[in-house]
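In what follows, a structure is listed as structure tokens, so that the remarks can point back to it.
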Amino acid sequence: MRINVKPESPSFIERIAVAPETRDAEFRARRRSYDELTVTPGAVSDYTPKGWTVLKEMKSGVRLRKEREADENLENRFWCCLYRLGYSELNVGRHFKVTVSAKGGTVQKQIDVFARDEETVVVAECKTAEENKKKPLQMALAEFDSLKRPIADAIRKHYGKAFKPKVLWLFVTDRIEWSDNDRSRAAQQNTKIITERDLNYIDELSRILGPVARHQFKATYLQGVKIPELEDKRVPAVRCKIGGKIAYVFSAHADDIIRVSFVNHRDLRDPRGTPSYQRLVNPYRLKKISEFLVGGGYFPNTILLNFRKKPRFDLSQPSDDKDIQFGHLYLPDTYKSCWVVDGQHRLYGCALLPASMMQPTLAFIAFEAISADEEAKLFTTINREQQKVQRRLLDELDGDLKWDSPNKSDQMAAIASRAIDLMNNEFGSPFEDKVKLPSVKDSMDRPLDLPQIRQAIISSRLIGRVAPGDKLFTPGPFYDTNSDKTLARVMGGLNAYFRQIRAADPDRWESGGEGRLCNNFGVPAHIRFLSELIQHVQKRDSIDARELTLSELNTAIEHLLQPVTDFIRSASEEAFRKLFNVTVGSGGIPRYYFALCGLTHASDETFCPPGFEAHVQLLTQEQEELANKNVNWVQNHVHQIVVSRLREVYGPDFFDKAITNKEIQKSAYAKLVDDDAPEKQGPEGYLDFIELKRIVESKENWPHFQEILAIPLPGERKGQSKHIKWFDEINRIRRISAHPYGKRYNPNDIEILKTVCDALTPVVQQH
């Protein structure tokens, strides 16, 4: 914290973005985790020592990129969340200061993130570390707490006494493991903690819902704080029993319920909110509901709520049925005191109505303090019977309800699913916005399917393994003492690995399926590959990966991963496609995985995971079978092409006119005479493959074949010859097929065959 004393100043708060265009410009500057600039080629050497890397070479110059520092990224990420949440005022720049009164003058206090709306002010301190570790925060918390009153006074002076906001004092951290003592200190000081997991939740919620999510944000961090405007606010109601549970039937203005409500969104899988059952709100549907209401529409059906505490209910008249009573219900008057079980779209659609429009009256049924499990079961029952939501969402709910289940298979599935969702929402993660979600419309920008990646994590045994027979659980390298810690280790391990994969070729990674890297073959294959790298170093070094920190584990596998990242970084598009172009139904993930294994095995033969040698042998057999077919295909079709072209140019007497070499003629006629077949071909049918080359390359015939049979081989420079060396190569390669014992095709043979086949295919189609 930087504190400077200066003379009294009339300005208490500096550089606030109030105008929409100012906020938008600041958002554009903060939204990326890196800086980019274009320089001349000669200036590159001046920037690389400062951490800049070459991203792309262009005609206009060289594009450079530099990752921002972790603390700046954390501040920017939280700032962007508040921007999306619709806060009307936000700080500008990283050196935002508030002037507070002090003895002998004033003190300037730098605030990392500042935001304000009509009823709240956010003051946030951001702390990060280079890697996950415990970090004492006692002094930082004490200093933050000591400045709360002076900052609050400065806010009142700046905005006037009429503005009485609720101030959210927030400590935002990344890669810092909070001690129990520091958590207790923060709670005593009324400082709210936002860890990386909490920030993931806020981030995704703000991206999808925008300003509507501000109500959810306030509910989370102002829980239990009274709302003066709702004190002693009552509505006519009926208290009754539904399914043996006390419930209240009433009508109320939408904005009164919105201010105290909270929705436990399942898609984001916040571990502390488990079981989280609600599907994420659909922004398009919210917009349509708002338009419907503006047009005079209304909802006659009820929204289902749960009051987390027993509300005050005053009887107004007696009833003959003790289970049905009439009276006045006092609405909850604190944040996060009312949970929405069903009907969130109808409720939050009202939040998008114009300020000039009166809030509609909605019908509600509110249960009295039922448990979270009962909420989830009620939601599931309603939507399963009415078939209102995707079956996939309901089927996956059981895993969330068993977050800490003794059934390890259920527990691993829940941890894997939640890890994927959180990484998908994590700012700067390789998986950020890459995974399709049940409540988010599919797009090319989200190439990964959650079930497929989840299954890869489970089958890789990174979390652990459940034996089929005795159900014995064996912990994996990412397993920890409880579900929360295991989740953090899974996310940290996968993020660290895939950051290296992404950094090797950012453009390829960001291109999704087209890049053959960040797709439903590549990511599962890499997860399995990561597991095998860890297994290898465990056996080689006689260590237990669970006893290593993630940083130590990354160091242990670094040299094994290097050949893979080197290939991704340097391989041409053709080479990358050739190695990783797998398709559905071809055993794509195993093929991709073994291709990764092959890269590491080539530089370290001790790395030979189970199944690798068998796969190589199988691949060799497949290549030989395909090569044999290609050799026969080339021989047959080249013969047909040559004869067809000669007949076309020279007419019926082409054999005598086109083939002036008497030795070739005599050889063909001799074979014709010796052929005992009942139906003989003409002499052209007895030409050898290498004789075809001599016919084609002759001075008089070459002009007729130059356009269709000039095929440059890999490595040959165009324009330096007739490019018919391939005839000799095919003639050599075909002997391997004719005499297979002790002979094998090498990679160069396979590449030559492919080159020739690719060149001849359009010629064959024309003839």
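The values are calculated or read from the model by the stated rules, or taken from the named source; none is laboratory data. These numbers were taken from a predicted model, which means no experiment stands behind them. Neighbour counts are summed over all protein chains in view; Cβ atoms, including those assigned to glycine, are modelled from backbone coordinates with ideal geometry. Keep in mind that these areas ignore ligands, DNA and RNA; they rest on the heavy atoms of the full protein, side chains included. Shrake-Rupley method; radii C 1.70, N 1.55, O 1.52, S 1.80 Å.
Which numbered condition trips up residue 133, out of (1) in contact with a strand residue (DSSP E or B) (Cβ under 6 Å, 6 or more places away or on another chain); (2) in a strand (DSSP E or B)?
(1)
Quickly run through the range 732-755 and pick out the residues that are surrounded by 16 or more Cβ atoms within 10 Å (Cβ to Cβ) and modelled with pLDDT of 80 or more.
733, 734, 752, 753, 755
Confirm whether residue 537 is within 26 Å of residue 449 (Cα to Cα), among the β-branched types (Val, Ile, Thr) and buried (at least 18 other Cβ atoms within 10 Å of the Cβ).
Judged against the criteria, residue 537 is not a match.
List the residue pairs whose Cβ atoms are under 9 Å apart, where the first residue sits in the range 301-327 and is of a type in the set (Asp, Glu), the second is open to solvent by less than 80 Å² (accessible area, probe 1.4 Å), and the two are 6 or more positions apart or on different chains.
314/327; 314/328; 314/329; 314/330; 321/240; 323/239; 323/240
Which pairs turn up if I take residues in the range 479-502 that are over 13 Å from residue 561 (Cα atoms) and look for partners that are polar (S, T, N, Q) and open to solvent by 10 Å² or more (accessible area, probe 1.4 Å) with beta carbon separation below 8 Å, at least 6 apart in sequence or on another chain?
483/411; 488/132; 492/132
Checking the conditions here, which among 433, 480, 484 is modelled with pLDDT of 90 or more and open to solvent by 10 Å² or more (accessible area, probe 1.4 Å)? Spell out how you get there, then give the answer.
On the way: 433 fails: modelled with pLDDT of 90 or more; 484 fails: modelled with pLDDT of 90 or more.
None of the other options fit; the residue is 480.
Quick one: is residue 321 in contact with a Gly (Cβ under 7 Å, 6 or more places away or on another chain) and either over 19 Å from residue 262 (Cβ atoms) or at pLDDT 90 or above (or both)?
no
On the basis of being of a type outside the set (Lys, Arg), in contact (Cβ under 8 Å) with a residue 24 or more places away in the chain and out of contact with any Phe, Trp or Tyr (no Cβ under 8 Å at 6 or more places or on another chain), does residue 664 make the cut?
Yes, satisfied.
Considering only residues that are assigned to a helix (DSSP H, G or I) and of a type in the set (Val, Ile, Thr), which ones fall in the range 532-577?
If the condition is that a residue be assigned to a helix (DSSP H, G or I) and of a type in the set (Val, Ile, Thr), then 534, 537, 555, 557, 564, 565, 568 are the ones that fit.
Restricting to the range 318-344, what's the tally of residues that are farther than 16 Å from residue 250 by Cα, open to solvent by 10 Å² or more (accessible area, probe 1.4 Å) and of a type outside the set (D, E, K, R)?
The number of residues fulfilling the criteria is 4.
What is the residue count in the range 261-308 for residues that are modelled with pLDDT of 80 or more, in a loop (DSSP other than H, G, I, E, B) and either touching a Lys or Arg at 6+ places or on another chain (Cβ under 6 Å) or open to solvent by 40 Å² or more (accessible area, probe 1.4 Å) (or both)?
Residues flagged as modelled with pLDDT of 80 or more, in a loop (DSSP other than H, G, I, E, B) and either touching a Lys or Arg at 6+ places or on another chain (Cβ under 6 Å) or open to solvent by 40 Å² or more (accessible area, probe 1.4 Å) (or both) within the range 261-308 amount to 8.
On the given criteria, is residue 528 at negative phi, at pLDDT 95 or above and of a type in the set (Lys, Arg)?
For residue 528, the condition - at negative phi, at pLDDT 95 or above and of a type in the set (Lys, Arg) - is met.
Looking at (1) touching a Lys or Arg at 6+ places or on another chain (Cβ under 8 Å); (2) at pLDDT below 85; (3) more than 26 Å from residue 346 (Cβ to Cβ); (4) not aromatic (Phe, Trp, Tyr), can you tell me which one residue 207 breaks?
Among (1) touching a Lys or Arg at 6+ places or on another chain (Cβ under 8 Å); (2) at pLDDT below 85; (3) more than 26 Å from residue 346 (Cβ to Cβ); (4) not aromatic (Phe, Trp, Tyr), the lone unmet condition for residue 207 is (3).
Could you look through the range 187-197, keep only residues that are under 25 Å from residue 152 (Cα atoms) and part of a helix (DSSP H, G or I), and pick out the one that is least open to solvent (accessible area, probe 1.4 Å)?
187
Okay, residues lined up against (1) in a helix (DSSP H, G or I); (2) over 23 Å from residue 79 (Cα atoms); (3) aliphatic (A, V, I, L, M); (4) open to solvent by less than 60 Å² (accessible area, probe 1.4 Å):
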| site | (1), (2), (3), (4) |
| --- | --- |
| 206 | yes, no, no, yes |
| 213 | yes, no, yes, yes |
| 216 | yes, no, no, yes |
| 219 | yes, no, yes, yes |
| 232 | no, yes, no, no |
| 236 | no, yes, no, no |
| 252 | no, yes, yes, yes |
| 257 | yes, yes, yes, yes |
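Before we move on, is residue 124 among the hydrophobic types (A, V, I, L, M, F, W, C) and either assigned to a loop (DSSP other than H, G, I, E, B) or open to solvent by 10 Å² or more (accessible area, probe 1.4 Å) (or both)?
Judged against the criteria, residue 124 is not a match.
To keep it simple, each residue is scored yes or no on (1) acidic (Asp, Glu); (2) modelled with pLDDT of 90 or more.
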{"site": "12", "(1), (2)": "no, no"}
{"site": "17", "(1), (2)": "no, no"}
{"site": "28", "(1), (2)": "no, yes"}
{"site": "33", "(1), (2)": "no, no"}
{"site": "43", "(1), (2)": "no, yes"}
{"site": "57", "(1), (2)": "yes, no"}
{"site": "62", "(1), (2)": "no, yes"}
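I'm checking my understanding of the structure. Among residues of the range 487-515 that are surrounded by fewer than 19 Cβ atoms within 10 Å (Cβ to Cβ) and of a type in the set (Asp, Glu), which one is farthest from residue 195 (Cα to Cα)?
514
It is to be established whether one or more residues within the range 622-641 are free of Cβ contacts under 8 Å to residues at least 40 places away in the same chain, under 30 Å from residue 593 (Cβ atoms), within 44 Å of the chain's Cα centre (by Cα) and open to solvent by less than 90 Å² (accessible area, probe 1.4 Å).
The answer is yes; a qualifying residue exists.
Which members of the range 413-430 meet the condition of being open to solvent by 10 Å² or more (accessible area, probe 1.4 Å) and at pLDDT 80 or above? First the steps, then the outcome.
Step one: of the range 413-430, the residues open to solvent by 10 Å² or more (accessible area, probe 1.4 Å) are 413, 426-428.
Hit for the range 413-430 is 413, nothing else.
What helices (runs of 4 or more DSSP H) completely inside the range 440-522 contain at least 2 residues that are within 27 Å of residue 34 (Cα to Cα) and within 16 Å of the chain's Cα centre (by Cα)?
Answer list for the range 440-522: 483-504, 506-510.
Which one is least open to solvent (accessible area, probe 1.4 Å), of the residues in the range 106-119 that are over 21 Å from residue 74 (Cβ atoms) and β-branched (Val, Ile, Thr)?
If we take residues in the range 106-119 being over 21 Å from residue 74 (Cβ atoms) and β-branched (Val, Ile, Thr), then 106 is least open to solvent (accessible area, probe 1.4 Å).
Can you tell me which residue within the range 131-147, out of those that are in contact with a helix residue (DSSP H, G or I) (Cβ under 6 Å, 6 or more places away or on another chain) and modelled with pLDDT of 90 or more, is surrounded by the most Cβ atoms within 10 Å (Cβ to Cβ)?
Looking at the filtered set, the residue picked out is 137.
Would you check if residue 174 is among the acidic types (Asp, Glu), over 21 Å from residue 17 (Cβ atoms), in a strand (DSSP E or B) and in contact (Cβ under 8 Å) with a residue 40 or more places away in the chain? Walk me through it before giving the result.
Values: among the acidic types (Asp, Glu): yes; over 21 Å from residue 17 (Cβ atoms): yes; in a strand (DSSP E or B): yes; in contact (Cβ under 8 Å) with a residue 40 or more places away in the chain: yes.
For residue 174, the condition - among the acidic types (Asp, Glu), over 21 Å from residue 17 (Cβ atoms), in a strand (DSSP E or B) and in contact (Cβ under 8 Å) with a residue 40 or more places away in the chain - is met.
Mind checking which residues of the range 626-682 are β-branched (Val, Ile, Thr), assigned to a helix (DSSP H, G or I) and under 26 Å from residue 732 (Cα atoms)?
631, 634, 638, 641, 642, 643, 664
Yes/no per residue for (1) of a type in the set (Lys, Arg); (2) farther than 24 Å from residue 80 by Cα:
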site	(1), (2)
118	no, no
126	no, no
137	no, yes
165	no, no
170	no, no
185	yes, yes
195	no, no
211	no, no
